[in-house]
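> Handing you a structure now.
The values are calculated or read from the model by the stated rules, or taken from the named source; none is laboratory data. Quick caveat: nothing in here was measured; it's all calculated off a predicted structure. Backbone-built Cβ (ideal geometry, glycine too); neighbour counts: all protein chains shown.
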Amino acid sequence: MVAARRQARKPSQATDERLLVEAARADLSKFEALYELHFARLYLFIVGRGHDRAAAEDLTSEVFHRALANLSTYEWRGTSFAAWLYRIASNAIADQYKRANRERSGNADTLGSPTRANISSNEMESVDREAFLFRLVEKLPEIQRRVVCERFLEERSIKEIAQRLSKTEGAVKQLQFRALQTLREKMEERHD
């Protein structure tokens, strides 16, 4: 499968992503609006993980296929649909690396000599770290998770987030600080 690149449409302020998800659940043909909204950023996310264009297109297509297939299991938890897509993408990237490593190991056993590694251990470690981080973000309290997703995945400013949450900018900064502190501690625990 190859993903077709489409021009991303910016939703109007009145467009609510939650409504788009609910519409897609009711009628799968409406999933196209979510696809168009998130394709470019998700594709860039995957390309940024060291994939060439063709591999990135295939993985992007796979992510949207998985999202569509599992749309009925998606739960709205106050964070964006994009966060769910990024988690699917991180898992797909990790799966791809694991498959490639198994294939490489299988070829080495079959041929009797090791083949040149296509995936470095640093790349694999990076993908595992990202997938672990996405799982940690999902475990944050809802308001902290929402701040982190809006700030770092949706790239919103503190001011925008404060307006969306009806909070002061100081409160949003504090929520972000606490969330990042928690994530940092959990990541450090993993390395110990």
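> Within region 155-166, track down each residue that is in a loop (DSSP other than H, G, I, E, B) and surrounded by fewer than 17 Cβ atoms within 10 Å (Cβ to Cβ).
Step one: filter region 155-166 for residues in a loop (DSSP other than H, G, I, E, B), giving 155-157, 166.
Of everything in region 155-166, those that are in a loop (DSSP other than H, G, I, E, B) and surrounded by fewer than 17 Cβ atoms within 10 Å (Cβ to Cβ) turn out to be 155, 157, 166.
Results for (1) under 22 Å from residue 150 (Cβ atoms); (2) modelled with pLDDT of 85 or more; (3) not assigned by TED's automatic domain parsing to the domain that holds residue 91, shown as yes or no for each residue.
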site	(1), (2), (3)
1	no, no, yes
5	no, no, yes
18	yes, no, no
28	no, yes, no
47	no, no, no
50	no, no, no
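> Sort through 137, 172 and tell me the only one that's crowded, with 16+ Cβ neighbours inside 10 Å and at pLDDT 90 or above. Steps first, answer last, please.
Numbers: 137 fails: at pLDDT 90 or above.
The unique qualifying residue is 172.
> How many of the residues in region 39-67 are surrounded by 22 or more Cβ atoms within 10 Å (Cβ to Cβ), within 18 Å of residue 100 (Cβ to Cβ) and not hydroxyl-bearing (Ser, Thr, Tyr)?
Number satisfying all stated conditions: 3.
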